[in-house]
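The values are calculated or read from the model by the stated rules, or taken from the named source; none is laboratory data. As the structure is a computational prediction, the values presented were derived from the model and not from experiment. For neighbour counting, all protein chains shown are included, and Cβ atoms are generated from backbone atoms with ideal geometry for every residue, glycine included. Each accessible area value is taken on the protein alone, full model and side chains, heavy atoms only, with ligands, DNA and RNA left out. Shrake-Rupley method; radii C 1.70, N 1.55, O 1.52, S 1.80 Å.
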Amino acid sequence: MVGLGSLAALGGGCAGGSEKVLPGPMTNGQAGSSAMQPNPNSGGSAADPGAEPCPSYTPDRCGDGASSSCVSLQTDAEHCGACDHVCPAQAACSAGVCSEAPEELVTAPGCGEPRLTLHGDRLFWNEPQTGRVRSISVSGGAVSELAAEQLAPGQVGVDDANAYWFTNGDGHSGSSALLRVSLSGVSEPVLIKQAPGVEPINGLAVANGKLLYGLGHDVHGIALDALDGADDVVGVAVARNDTREPIGIPNALTVHGDRVYWIVTDVGSVECDDLLPGDAGLERVAHGGEMWPYDVGFAGDYTYYAAFDSLFAAQIGQPATAVASTSDAALRSFAVADSVAYFSDELGRLFRHGVDIPAGEPTPP
């Protein structure tokens, strides 16, 4: 996902060193900023007073006795505002109120979790199973095919001249690669770089004159004006464990300002680094706690992230709010612009949905 905005909702920029927890969904008017902590006020239900306290992420109880479960009446589409109040199919539950259902733009049959990129008035995505790289207008309509017969294409990056993507390959040395195709007309994909071994490339973004991609535990950067030149490591996906050894694979790359951000899906964290060679600026921005985000990005005064079946928006000091949902499948990738969210799910569906966020204090610069 590529977007603009502020990282303050995740607890600050890359400097500072202290790890933050992704703000959890709105919970009875309280910010769920510590998703792993139990809510001492939830307790058990009247029918089951001995039940374990609910976490702050899902502080409310619905059901009786052994069948009761912890939910959030503010964000759970199955219990929106009240137990067993079910939102319409595909609608999100935001602040205890059901939203409108999103509009489906297109379904990519068997595509396997497409990653979205928004550039201008077009959405671009990859189809790992069909081997295609495609695009569509944000208003819908005909689908354009940029490339076909790719070996499991991954995340797409776009600038004014080209679309870029990587192939996961087939497990053979060099089968994972970076490619590009011109947007000016029909052309064949051009090979930029092959992975040096069997380890596949993961994650890709294009911004600030650089092509950024994940390989192993590292995030690399290549200058777009010299794609055959230096290939520098600009970040290392280091989990904050006792050994401080690299762990996790950087996915869902996005660029904001002069930094690149990524999701470490193995450990549920969001990390970032500057765009200069070396990893001295690396900091963990946030940990997902129970959220386990699939994607992260920025627009306006908000930080957005995808977790489970919903797209959440948050500002610093404010609870995260679900602004869109797929309801019946995990929401994997998104892009936000001009109060409209575009997102994809694990079934290969691409949606469009207006973003109506509760008013709050602007995020400090």
For the range 105-162, take the convex hull of the Cα atoms, compute a quarter of its surface area, and give me that in nm², please. 3.7
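Averaging over all projection directions, find the projected area of the Cα convex hull of the range 148-232 and quote it in nm² with one decimal place. Numbers along the way, then the final one.
Working: hull surface 21.1 nm².
Its average projected convex-hull area is 5.3 nm².
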Ordering of 78-88, 139-149 by packing [mean C-beta count within 10 Å, highest first]: 78-88, 139-149
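Expressed as a whole percentage, what fraction of the accessible surface of the range 168-231 belongs to carbon and sulfur atoms when a 1.4 Å probe is rolled over the protein heavy atoms?
Working: 1530 of 2980 Å².
In the range 168-231, the share of accessible area belonging to carbon and sulfur is 51 percent.
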Using a cut-off of 11 Å between beta-carbons, work out the net charge of the residues near Glu104 (Lys and Arg +1, Asp and Glu -1, Glu104 not included). 0
